1. Tell me, which residue of the range 74-106 that is free of Cβ contacts under 8 Å to residues at least 12 places away in the same chain and of a type in the set (A, V, I, L, M, F, W, C) is surrounded by the fewest Cβ atoms within 10 Å (Cβ to Cβ)?
2. Go through the range 237-267 and report how many residues are assigned to a helix (DSSP H, G or I) and without any contact (Cβ under 8 Å) to a residue 12 or more places away in the chain.
3. What are the pairs, 6+ residues apart or on separate chains, where a residue within the range 164-176 that is in a loop (DSSP other than H, G, I, E, B) has its Cβ under 9 Å from a residue that is of a type in the set (Gly, Ala, Ser)?
4. Is there a residue in the range 61-75 that is more than 30 Å from Ile262 (Cα to Cα), modelled with pLDDT of 90 or more and not acidic (Asp, Glu)?
5. Can you tell me which of Arg198, Arg184 is closer than 22 Å to Lys95 by Cβ, open to solvent by 60 Å² or more (accessible area, probe 1.4 Å) and not hydroxyl-bearing (Ser, Thr, Tyr)?
Amino acid sequence: MARDTDDSLSAATRALADATAQLTRLLGEQARQVVPEVSETIAASLREASRGLAEASEGVARATGGSRADERRRAKVERTRADLLAAAARVIAEKGYEGASVGDIAAAAGYTKGALYAHFASKEEVFLALAREQLDLSIDAPDATIPGVSVDGVDQDAVADWLCGTQDDPRVLLSLEFLAYGLRHPDASSDLAELHVRSHEVLADQVAEVRRARQGDAAEPGTTQDDYDTALAVISVLNVAALEGRLTGSERLSPRAAARVIARLLG
């Protein structure tokens, strides 16, 4: 809408400047025939108005064009950054942080290493940006909590189906890479630790909602230590079901076994 307004304003200003220039010529000719002594004064005033309108038109055009160019540049930067992070997620999930190279990530995104370094100073910076994006997404997204778990109880089939889907999600392996990196690099651990704590709190709040709905008027308000403990147990079960179940193929470690355990943990 703003672009359409700028375009309309620029076009209108140019049209008015052209009309004023034509009027200057017409009145100048008429003034010389009727009142010669004032013709030059009138013509000079109109020429000044015409120049002012022309300059205004050029200013609007420059501002509008510059704004659009800036928008295009920002969009390109954001698109390139998103492409690089998506590629980093795939490559690091496949090869691990230590095994993935800057060249691997750039090639997977369809860019050169130079393009990657234009957006990130190092592989570490790419990885930490990816961690913040993935962990923030799991916290802020509407479906951040466990599908199939609600104040009405636990739908074991829905939980199991969701876990089956997560087994092939590269973010499952990325979660291990984030933990391992934070433990191996204490200087970068504070941001990662904060994000993991926040994700635990999100799940604990969901556990508390289920508990309060189950207990009714007798329920303790807020999120209790028991809720945090239950959330920790649920997270542990989820990790085992998604990773060990995928590795072993054992029914005892399957998503459906995990769904039964989660249903018992949540009462």
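1. Going residue by residue through the range 74-106, those that are free of Cβ contacts under 8 Å to residues at least 12 places away in the same chain are 74-76, 78-79, 82, 95, 98-99, 103.
Applying the additional criterion that residues be of a type in the set (A, V, I, L, M, F, W, C) yields 75, 82.
Details: Ala75: 10, Ala82: 12.
Top of the filtered list is Ala75.
2. 6
3. If the second residue must be of a type in the set (Gly, Ala, Ser), the pairs left are Gln167/Ala241; Gln167/Ala242; Gln167/Gly245; Asp169/Ala93; Asp169/Ala242.
4. So the first thing to find is which residues in the range 61-75 are more than 30 Å from Ile262 (Cα to Cα), and the list is 61-75.
With modelled with pLDDT of 90 or more added as a condition, the list becomes none.
No: the range 61-75 contains no residue that is more than 30 Å from Ile262 (Cα to Cα), modelled with pLDDT of 90 or more and not acidic (Asp, Glu).
5. Arg184
Residues are listed down the side, and each one gets a yes or a no for (1) assigned by the TED database to the domain that holds Ser175; (2) at positive phi; (3) under 30 Å from the mean Cα position of the chain (by Cα); (4) open to solvent by less than 30 Å² (accessible area, probe 1.4 Å):
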site: Ala219; (1), (2), (3), (4): yes, no, no, yes
site: Gly222; (1), (2), (3), (4): yes, yes, no, no
site: Asp226; (1), (2), (3), (4): yes, no, no, no
site: Val234; (1), (2), (3), (4): yes, no, yes, yes
site: Leu238; (1), (2), (3), (4): yes, no, yes, yes
site: Ala242; (1), (2), (3), (4): yes, no, yes, yes
site: Gly245; (1), (2), (3), (4): yes, no, no, yes
site: Arg252; (1), (2), (3), (4): yes, no, no, no
site: Ala258; (1), (2), (3), (4): yes, no, no, yes
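The values are calculated or read from the model by the stated rules, or taken from the named source; none is laboratory data. Note that the structure is predicted; figures quoted are calculated from it, not measured. Heads up, the Cβs are rebuilt from the backbone with ideal geometry, glycines too, and the neighbour counts pull from every protein chain shown. Heavy atoms of the whole protein, side chains included, go into the accessibility calculation; ligands, DNA and RNA do not. Shrake-Rupley method; radii C 1.70, N 1.55, O 1.52, S 1.80 Å.
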